[in-house]
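**Q** My questions will all concern the structure given below.
The values are calculated or read from the model by the stated rules, or taken from the named source; none is laboratory data. Being a predicted model, the structure only gives us computed values, none of them experimental. Every residue, glycine among them, receives a Cβ derived from its backbone with ideal geometry; neighbour counts consider all protein chains shown. The accessibility values were calculated without ligands, DNA or RNA, using every heavy atom of the protein model including side chains. Shrake-Rupley method; radii C 1.70, N 1.55, O 1.52, S 1.80 Å.
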Amino acid sequence: MEKFLLLKKRIKKNEGFRNRPYLDSLGYPTIGYGHLITKKEKKMFQTKFSKKFLSSLFDKDFRTALTAYKKNFNYKKHSKDTKEVLIEMIFQLGIKKQKKFVKMNKHLQNNNMFLAALEMKNSLWYKQTPKRVNGLINHLLKKEYEKKR
C-alpha cells in the first residue's frame, strides 16, 4: 500500500474536487483537487477535464509538496503526524508561504506541539480556512492528548 494514501485522501477531501476552473476562497484560479492554475497554464485550463487527468495532476502536485518538505525540513526528526501536517500545509500554501511560519516551524523542531498549534491558530491562514486548520491541529496534537491520558 502507498505510504501517504491516507494523507492524500485527507487532502483531496479538504480541497474538494471540480473538473472545471473556479476561483478559490482567495480568488485564485484553481481546478481539480486544489491545483492552482498558473499564468502559463491559464489558456490550457479553460474547459472541463476528466477526473483521471485531474487526479494525475493532483499526484504531481502532491509529489511537489513532498519534495519541498524533504528539501526544507529534517524529516527524520519529525513524527508521522508532524510530517503529514507540514506536507498538507505545503500542498495548500506552497513552500514559500509555509516557510513564513517561522515560530511554528521552530516549535515543531523543538517538539513543542502545543505552541506550534497556537501559532497555527494565530494566523491569517486560520482565519481563511479555520475548519481545515483545526483539523490539522487535531491531527498534530492527537499523540500529545494520548500521552496525557
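**Q** Mind listing whichever residues of region 18-33 are within 15 Å of Q92 (Cβ to Cβ) and open to solvent by 40 Å² or more (accessible area, probe 1.4 Å)?
**A** D24, S25, L26, Y28
**Q** Answer with yes or no whether T30 is at negative phi and either within 16 Å of the chain's Cα centre (by Cα) or part of a helix (DSSP H, G or I) (or both).
**A** yes
**Q** A further question on this structure: Go through region 52-85 and count every residue that is over 13 Å from the mean Cα position of the chain (by Cα) and either within 24 Å of M113 (Cβ to Cβ) or of a type in the set (F, W, Y) (or both).
**A** 12
**Q** Return the residues of region 2-48 that are closer than 21 Å to K127 by Cβ and of a type in the set (A, V, I, L, M); say none if nothing qualifies.
**A** The answer is I11, L23, L26, L36.
**Q** Of all helices (runs of 4 or more DSSP H) completely enclosed by region 34-149, which ones contain at least 2 residues that are without any contact (Cβ under 8 Å) to a residue 24 or more places away in the chain and either open to solvent by less than 60 Å² (accessible area, probe 1.4 Å) or among the small types (G, A, S) (or both)?
**A** In region 34-149, the matching helices (runs of 4 or more DSSP H) lie at 51-72, 80-93, 102-109, 113-121, 130-148.
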